[in-house]
Amino acid sequence: MLDRGFTATTPNQKWAGDITYIETTEGFLYLAVVLDLFSRRVIRWAMSDRIDRHLSCSAILMALRVRRPAAGLIVHSDRGVQYAAGEYRQLLADWSIIPSMSRTGNCWDNAPVESFFATLKKEHVYRCPRYQARDEARASIFEYIEVFYNRTRRHSYLEYISPVDFERHWIECRDRDAKVSALATAPDQSIRSSLTTQQAA
């Protein structure tokens, strides 16, 4: 469905998800993320010591609850059993989401998420001392994603601003254009005056 169409013109048009693992002394910690392909923002994520359908469902459900996307959103993933599970597929159907899956054995079909995982490990995980406990890894990864990656790290794909700033800029432009459109079509002079005053402010 997505067919490597990794660009989007608005938020909540195309999302992508995948799972990776982080090594700790206690064992692996599995991380599932959901990216908005418009801004490359990690919308939500889930972590667990088990790689199963509950992990993929938790990540997508948190993303859905925070964004409340309109029907028709495309959500892309690989063909792992966590994303092929009936519970996950039903969750997408309940939210009127269009599922998309990579071709078998082709990691390039989910390149944006693979790129995020590579960045996370190269810039953060591999530079930290080996995590002694999963809880330590959870806290560390949370801080990287929410404090640094989403809000501070500059992305070449986004004209060297952060995902949060990119989305904020888009919202500001959308709202400005809506005001201009309303000004051009408003039949009542008082409405035009009110909008002009708001723009001047």
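Quick note: the coordinates plus some simple rules give every number you see, no bench work behind them. Small disclaimer: the values here were computed from a predicted structure and weren't measured. When we count neighbours, we look across all protein chains shown, and the Cβ atoms used for this are built from the backbone with ideal geometry, even at glycine.
For the peptides 43-50, 88-95, the ranking by packing is 43-50, 88-95, with the highest mean count of neighbouring Cβ atoms within 10 Å listed first.
Relative protection proxy for 174-180, 10-16, from highest mean packing down: 10-16, 174-180 (other beta-carbon atoms within 10 angstrom). Highest GNM mean-square fluctuation among Val81, Val113, Val34, for the chain modelled with Cα contacts below 10 Å: Val81. Within the shell of other residues whose beta carbon sits under 10 angstrom from the beta carbon of Glu114, the net charge comes to -3, with Lys and Arg scored +1 and Asp and Glu -1.
Based on Cα atoms of the stretch 21-174, Rg over Rh with Rh as the Kirkwood radius reads 0.96.
Normalised by the number of residues in the stretch 32-146, the mean separation of alpha-carbon contacts (under 8 Å, six or more apart) gives a relative contact order of 20 percent. Close amide-amide hydrogen proximity is noted between Ile98 and Gly72, Leu73, Ile74, Val75, each under 5 Å apart and 5 or more residues distant or on a separate chain (H modeled in the peptide plane; Pro and chain starts excluded). Starting from the Cα of Lys121, draw a straight line to each of the aspartates and glutamates and keep only those under 13 Å, dropping any in the same chain fewer than 8 residues away. Straight-line reach from Lys121, under 13 Å: Glu23. Between amide H atoms placed 1.01 Å from N, distances below 5 Å from Arg44 occur with Val34, all of them 5 or more places distant or on a separate chain. Helices in the chain, meaning DSSP H runs of at least 4 residues, each add -39500 (n - 2.57). Divided by all residues, the mean residue ellipticity at 222 nm is -13000 deg cm²/dmol. The stretch 114-137 and the stretch 39-113 have their alpha-carbon centroids 22 Å apart. Kindly identify the stretch 44-106 as rounded, prolate or oblate by the Cα gyration tensor criterion: order the square roots of the eigenvalues as a ≥ b ≥ c, call it rounded if a/c is under 1.5, otherwise compare a/b with b/c, prolate if a/b is larger, else oblate. Verdict is oblate for the stretch 44-106. Ordering Cys57, Cys128, Cys173 by the number of other Cβ atoms within 10 Å of each residue's own Cβ, fewest first, gives Cys173, Cys128, Cys57. Electrostatic bookkeeping for Leu64 treats Lys and Arg as +1 and Asp and Glu as -1; over the other residues with beta carbon under 11 Å from its beta carbon, the sum is +3. Cβ-Cβ distance of Asp135 and Ser156, R₀ of 35 Å, FRET efficiency by 1/(1 + (r/R0)^6): the value works out to about 0.55.
Set the Förster distance to 25 Å, then compute FRET efficiency between Glu172 and Ala111 from the Cβ-Cβ distance, nearest 0.05. Here the calculated transfer efficiency is 0.30.
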